[in-house]
Amino acid sequence: MIDAKRLAKAATATAVEGVHIQRQITLPWKDAARISIRNVTLRLGRAAITGAGVVLGIAFLMSVWTGKVVTEGLEREQAKSAFSITQVGEGETAPGLEEMKQEKQSRAARQAWLVVMSLLVCGVGITNSMLMSVTERFREIGTMKCLGALDSFIVRLFLIESVVLGFLGSVVGALLGHVIMLIVFMIREGASVAAKMNWLHMGEYFVLAIGLGCVLAFVAAVAPAVRAAQMPPAAALATEV
Amino acid sequence: MARIECPECHYVIETTGIVTVCPECKADMTKAMEEAGRVERRVRGSIAKDDSVTTHEFIVRTKGLKKIYRMGEVEVPALRGVDLDIRRGEYLSIMGPSGSGKSTLFNMVGGLDKPSEGTCFIEEVDMAQLDAFELAWLRCRKIGYIFQSFNLIPVMTALENVTLPMIFAGMSTDEMMERGRMLLELVGLGGRLHHKPFELSGGQQQRVAVARALANSPAIILADEPTGNLDLQTGKEIIDLLKELNAESGVTIISATHDLKMIDASDRIVHIRDGEIERIELRSELDLQIGHLAGAEGG
């Protein structure tokens with residue numbers, strides 16, 4: 001069954017020739033991406049946990065932004081109708097406007113605070129999840145290093161994996177947050193809110209949220225990935241999980 | 001091959017390339033070799049810049065190798081100064097009870113860990129002087145590893161496992177697939193190219209590991225307890241496979257083991273105890289001893 005004679009022939013090349021130390025070692029992006037995506041699709045449980053962190057964080061962010069866009073749309077509508085009914089002079093409306101401006105500012109500050117906090121929590125969650133995912137794979141990392149992987153290959157594989165998860169998670173999260181918030185507003189203010197809001201503005205927030213999700217996942221994965229890559233292969237191989 | 005005589009002790013070595021030190025009396029043999037026209041000067045630890053063939057009689061040499069592990073406050077010596085010369089094309093077994101330091105020695109020789117003291121040379125190149133790129137290149141192209149627990153990448157198929165080191169070596173996809181397929185066919189797994197490791201038996205997984213170790217035609221195969229997780233029959237198959245590879249292709253095999261079946265296959269057996277070399281046996285001597293014992297019993 002085993003053809004050792006031919007196997008030996010296949011292996012002969014350098015056995016007799018000797019060792020010249022060189023330094024050419026590669027991992028093309030194409031292959032790195034393939035391996036990373038394979039890791040995401042085949043370890044669905046672990047990927048789902050990491051992804052859930054992003055989904056929740058981005059969903060919250062998006063719900064805040066959707067709320068903002070919808071309220072802005074409603075206010076604009078109100079201001080328009082108020083303007084058309086009572087043509088008031090400049091002096092009379094000034095104190096009212098001032099109040100509205102102040103309230104707007106404090107609301108914006110509160111929202112920014114919420115967003116930052118939620119993203120921080122989300123970031124810590126992803127880091128933790130990636131750390132677990134890396135620890136589970138110490139042995140695999142050690143094996144890859146034995147096969148000639150540089151530290152940077154390991155980092156690259158984990159970063160691609162994390163960004164892929166970050167992207168998928170933030171797309172799902174953005175849709176989820178947006179849809180839920182929109183439904184809430186529709187129930188409260190009537191179905192017309194969708195028509196009143198600025199969809200172009202909303203689109204911008206979508207792109208921003210997805211971008212932010214990817215960046216978050218990337219940043220959160222750097223520390224665990226670097227930690228994994230820097231282990232000496234012997235130590236990585238010896239770990240029992 | 002050239003026969004070169006040591007100017008001091010007149011020991012004759014047969015070498016395909018350069019050994020600058022007499023293996024018997026450690027005298028400098030450079031002059032004798034220059035005369036034989038086979039000298040190539042090379043700075044130790046630097047990258048060979050030309051393509052000329054440099055071969056040394058000893059593919060691996062260790063000098064005063066020590067390794068101390070730190071367990072909290074306590075220092076635990078795993079190796080207490082090991083001097084070992086391993087010849088090109090040799091089948092060497094490192095034997096010893098668990099905890100004797102054989103795996104540690106194996107890790108040093110394979111460039112998987114750094115010694116606390118002492119040096120390890122591969123082809124007269126001090127491994128401590130290699131940078132990360134050179135070390136990775138060495139692991140990728142020149143050393144094939146086989147482990148007790150197979151260590152295949154679980155999310156990859158047999159074929160992908162075998163081709164992974166070829167990706168690192170920069171082989172083209174077509175070439176890679178062809179060679180991977182061939183290697184797996186040769187170890188008798190031609191019908192299981194696209195199976196994942198968990199779909200294969202232990203013996204099959206180890207055969208995938210052997211094929212992977214051969215991916216870039218290494219000069220050395222390091223096998224750490226390759227039969228440890230296998231049943232008797234499968235273990236024997238793997239040993240036979242390694243032996244045949246050694247005999248046919250001249251690849252140097254270094255195997256850490258406490259499997260007595262290995263003795264039969266190896267040229268030399270290094271016994272390690274408490275981090276030191278206890279004794280080194282040649283297989284020929286061993287046969288003699290066994291024969292002698294049998295004779296004594298008979299008489």
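General observations
- Label point distance in nm, B:Leu282-A:Leu114, each placed 7 Å from Cα along Cα→Cβ: 8.4 nm
- In the structure shown, the pairs B:Lys114/B:Lys243; A:Lys68/A:Lys101; B:Lys63/B:Lys261; A:Lys30/A:Lys145; B:Lys114/B:Lys236 are assessed against 23 Å; a Cα-Cα span above that value is assigned to B:Lys114/B:Lys243; B:Lys63/B:Lys261; B:Lys114/B:Lys236.
- Cα-projected label distance for A:Thr26 with B:Arg70, points at 7 Å along beta-carbon direction, nm: 4.1 nm
- Ranking of A:Met186, B:Met176 by neighbouring Cβ atoms within 10 Å, starting from the fewest: A:Met186, B:Met176.
- Less than 5 angstrom separates the built amide H of B:Arg273 from those of B:Glu278, all sequence-distant by 5 or more or on a different chain.
- Ordering A:Phe60, A:Phe138, A:Phe158 from the fewest to the most neighbouring beta carbons within 10 Å gives A:Phe138, A:Phe60, A:Phe158.
Where a number appears in this text, it was derived from the coordinates with a stated rule and is not lab data. Computed from a prediction, not measured in an experiment: that's the story for all the values here. Using ideal geometry, Cβ is built from the backbone for each residue, glycine included, and neighbour counts are taken over all protein chains shown.
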